[in-house]
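The values are calculated or read from the model by the stated rules, or taken from the named source; none is laboratory data. Quantities reported herein were computed from a predicted structural model and do not represent experimental measurements. Heads up, the Cβs are rebuilt from the backbone with ideal geometry, glycines too, and the neighbour counts pull from every protein chain shown. Heads up: the accessible areas ignore ligands, DNA and RNA and are worked out on the full protein's heavy atoms, side chains in. Shrake-Rupley method; radii C 1.70, N 1.55, O 1.52, S 1.80 Å.
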Amino acid sequence: MRNPSDVDIAFLWQVFRRKYAYVVLVALFAACFTYIFVKYFVEDTYKAEFLLFAWDYTSTDVDKETTQATSNSTETQLISQDLTLADRMLNDYQMLMDTDYVRTQVADRITEQYPNVPGVHSKYRTSVSVSRQTHFIKCEVFSVDKDLALYVADVICKVYMDTLKEKLGLNKISVFDNPKLQPAPVSKRIVRKSGFAGFVGAGLTFGLFVLIAMLHDRISSSGQITRELEVPYLGALIRMRKHKEYRNQAFKVSLNDETVSNFNHFYEDFQLFLTNLQYSNAKKKNGAHVFLLTSANPNEGKTLISSFLAQFLAEKNKKVLLLNADIRKGNHFDLFGFEHSSGLTELIIGTKTLDEVIHRNVNNTSLDIITPGTLPPNPLRLIELFSESGFIEEQTEKYDYIIIDTPPALILADALVLAKHADDIVIIANARKTSFGALKKLVARLKELELNITGVVLNQYASAAGGYGYGYGYGYGYGYGYGYGYGYGYGYGYGYGSRYGYGARYGANPEDEKNMPSKEQAKKA
């Protein structure tokens with residue numbers, strides 16, 4: 001869930017800008033529905049009313065001659081006391097109208113008049129008001145039945161006057177206007193009610209979207225990264241299958257191999273990411289360009305992406321060193337099919353030499369890899385020793401690129417210790433589970449240390465998760481749908497993908513491809 005402290009005007013504006021169409025549609029629907037319902041399904045309401053006048057002049061008992069001889073200040077004081085007492089009694093009269101005694105008397109008389117009408121007391125409503133700075137009390141009765149409205153008003157008036165005289169012994173109130181029925185129905189206020197319904201509908205809809213945005217604290221679009229985090233967006237990688245055999249097979253496929261079409265949907269995405277990454281910063285004139293990959297939380301795809309990045313660069317005839325510095329995982333690095341062996345841990349503590357731990361020319365390319373090695377008792381201390389050893393600086397003279405895979409930088413300090421050796425820091429975020437709050441904290445932490453953030457890559461991206469997509473790729477076969485075509489096929493098109501696409505769904509049967517229409521036939525269709 002998003003931290004409530006992050007909910008500000010900018011956050012609310014972003015939610016409204018993305019969902020304003022739904023808010024407006026709901027508001028219009030609510031307003032139109034209310035208008036039709038009130039106009040055609042709500043019965044006309046009639047009003048009966050009467051007006052009472054209450055008074056109290058305490059100064060009437062004062063001798064006129066004494067009053068005339070009183071000073072102006074005394075006159076003002078007496079008049080003020082009279083008005084205050086009158087207002088107080090006026091409020092007493094108003095409260096008396098709402099007492100259970102009066103209500104019971106009114107209910108009994110109405111029941112006598114309408115003995116066979118079930119729920120008669122729910123068929124009307126009353127309103128009592130006092131006009132300020134006057135001594136008038138207005139009582140209004142509303143009902144869809146004209147006769148009932150007038151009768152209830154007459155009963156209330158009589159019961160009220162009888163109660164004042166019999167129970168309280170007061171005569172300082174009189175009927176100014178006898179109960180009377182307004183000839184025309186009371187206005188339904190259709191426009192006002194429709195506007196209010198539209199406003200409430202819009203408010204509830206917008207509030208629902210804000211609540212969903214707070215509960216679903218995920219990265220919703222590339223614009224959210226560039227706009228709210230103020231860091232570059234490097235691309236999105238389509239969701240890979242979780243089967244280990246499938247991922248390992250993807251690493252063993254050469255870009256020049258015919259079977260690369262089975263992974264073209266992912267390779268095309270990765271090629272775009274690599275292009276953005278290479279153009280984000282100019283290459284160093286001397287020595288290897290060092291990339292450090294990290295994330296906010298574990299299991300966001302750092303090892304997967306760093307391994308693919310290393311192999312892609314090696315396929316382009318670049319000499320690459322992939323250094324897996326996540327020694328907290330131990331020997332859990334089998335993407336290239338390596339057996340559990342010595343690695344970076346043994347190299348740091350000096351039990352193995354570089355030649356004994358490095359895997360050279362992986363997959364018959366210019367890619368060299370150093371695995372994490374065994375799990376040490378104090379990983380952070382070993383990383384600090386490794387950072388101070390000068391190993392990375394020595395290797396920059398031998399390679400074109402050095403890629404460092406590190407633990408999550410938000411919860412561990414390993415990546416921050418090694419960050420000073422990196423020319424560019426790439427943040428990996430899982431589009432399906434990385435919280436935007438965690439990503440925001442990570443970016444803020446790296447900026448505080450004045451580290452160069454090259455950008456953010458969305459891993460495990462799917463159109464339903466991110467809300468945006470694109471489709472492209474060239475090959476053979478036939479597919480359709482959005483983005484990458486039907487199923488896991490890859491399509492031809494731009495923006496949200498074309499209806500028709502050319503490309504094989506990965507895992508497609510070659511026999512099925514023979515029956516697929518040609519490119520010209522698909523265009524005609």
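Report yes if Ser5 is more than 30 Å from Tyr160 (Cβ to Cβ) and either open to solvent by less than 70 Å² (accessible area, probe 1.4 Å) or modelled with pLDDT under 85 (or both), otherwise no.
When the stated conditions are applied, Ser5 passes them.
Among (1) modelled with pLDDT of 85 or more; (2) in contact with a strand residue (DSSP E or B) (Cβ under 8 Å, 6 or more places away or on another chain); (3) open to solvent by 10 Å² or more (accessible area, probe 1.4 Å), where does Asn317 come up short?
Of (1) modelled with pLDDT of 85 or more; (2) in contact with a strand residue (DSSP E or B) (Cβ under 8 Å, 6 or more places away or on another chain); (3) open to solvent by 10 Å² or more (accessible area, probe 1.4 Å), only one is false for Asn317: (2).
For the stretch 140-165, name all the residues that are charged (D, E, K, R) and either touching a Leu at 6+ places or on another chain (Cβ under 8 Å) or farther than 18 Å from Trp55 by Cα (or both).
Start the filter on the stretch 140-165 by keeping residues that are charged (D, E, K, R), which leaves 140, 145-147, 154, 158, 162, 165.
Listed by number, the residues that qualify are Glu140, Asp145, Lys146, Asp147, Asp154, Lys158.
Inspect the stretch 26-46 for any residue being modelled with pLDDT under 75 and in a loop (DSSP other than H, G, I, E, B) and give the result as yes or no.
no
I'd like to check something: does the stretch 222-232 contain any residue that is of a type in the set (S, T, N, Q) and surrounded by fewer than 16 Cβ atoms within 10 Å (Cβ to Cβ)?
yes
Could you tell me whether the stretch 379-392 includes any residue that is under 43 Å from the mean Cα position of the chain (by Cα) and open to solvent by 80 Å² or more (accessible area, probe 1.4 Å)? Explain how you work it out, then say what you get.
Here is the first cut: in the stretch 379-392, the ones under 43 Å from the mean Cα position of the chain (by Cα) are 379-384, 386-387, 392.
If we keep only those that are open to solvent by 80 Å² or more (accessible area, probe 1.4 Å) as well, we get 381.
Checking the stretch 379-392: at least one residue is under 43 Å from the mean Cα position of the chain (by Cα) and open to solvent by 80 Å² or more (accessible area, probe 1.4 Å).
So for the stretch 461-475 (the condition being crowded, with 21+ Cβ neighbours inside 10 Å, in contact with a strand residue (DSSP E or B) (Cβ under 9 Å, 6 or more places away or on another chain), at positive phi and at pLDDT below 85), does at least one residue qualify?
Looking for residues that are crowded, with 21+ Cβ neighbours inside 10 Å, in contact with a strand residue (DSSP E or B) (Cβ under 9 Å, 6 or more places away or on another chain), at positive phi and at pLDDT below 85, one finds at least one in the stretch 461-475, hence yes.
For the stretch 400-421, enumerate the residues that are part of a loop (DSSP other than H, G, I, E, B) and open to solvent by 20 Å² or more (accessible area, probe 1.4 Å).
Asp400, Leu410, Ile411, Leu412, Ala413
Only residues in the stretch 166-187 that are over 14 Å from Phe136 (Cα atoms) and modelled with pLDDT of 90 or more count as the first member; pair them with residues that are of a type in the set (Gly, Ala, Ser) and surrounded by 14 or more Cβ atoms within 10 Å (Cβ to Cβ), Cβ under 7 angstrom, at least 6 apart or cross-chain, and list the lot.
Pro179/Ala48; Pro179/Ala153; Lys180/Ala48; Leu181/Ala48; Leu181/Ala149
Could you identify the single residue in Val106, Val117 that is out of contact with any Ser or Thr (no Cβ under 7 Å at 6 or more places or on another chain), assigned to a helix (DSSP H, G or I) and either open to solvent by 40 Å² or more (accessible area, probe 1.4 Å) or β-branched (Val, Ile, Thr) (or both)?
Val106
Quick check on this structure: which one of Leu237, Leu255, Leu277 is in a loop (DSSP other than H, G, I, E, B), hydrophobic (A, V, I, L, M, F, W, C) and either on the phi > 0 side of the Ramachandran plot or at pLDDT below 85 (or both)?
Just one listed residue meets the conditions, Leu255.
Counting just the residues of the stretch 438-460 that are surrounded by fewer than 17 Cβ atoms within 10 Å (Cβ to Cβ) and farther than 15 Å from Pro408 by Cα, which one comes out nearest to the chain's Cα centre (by Cα)?
Top of the filtered list is Lys447.
Anything in the stretch 121-152 that is in a strand (DSSP E or B), open to solvent by 70 Å² or more (accessible area, probe 1.4 Å) and either of a type outside the set (Lys, Arg) or more than 17 Å from Lys180 (Cβ to Cβ) (or both)? List them, or say none.
Matches in the stretch 121-152: Arg125 only.
Inside the stretch 305-325, can you point out the residues that are farther than 19 Å from Val457 by Cα and touching a residue at least 24 places away in the same chain (Cβ under 8 Å)?
Residues of the stretch 305-325 farther than 19 Å from Val457 by Cα: 314-321, 323, 325.
Scanning the stretch 305-325 gives Ala314, Glu315, Asn317, Lys318, Lys319, Val320, Leu321, Leu323, Ala325.
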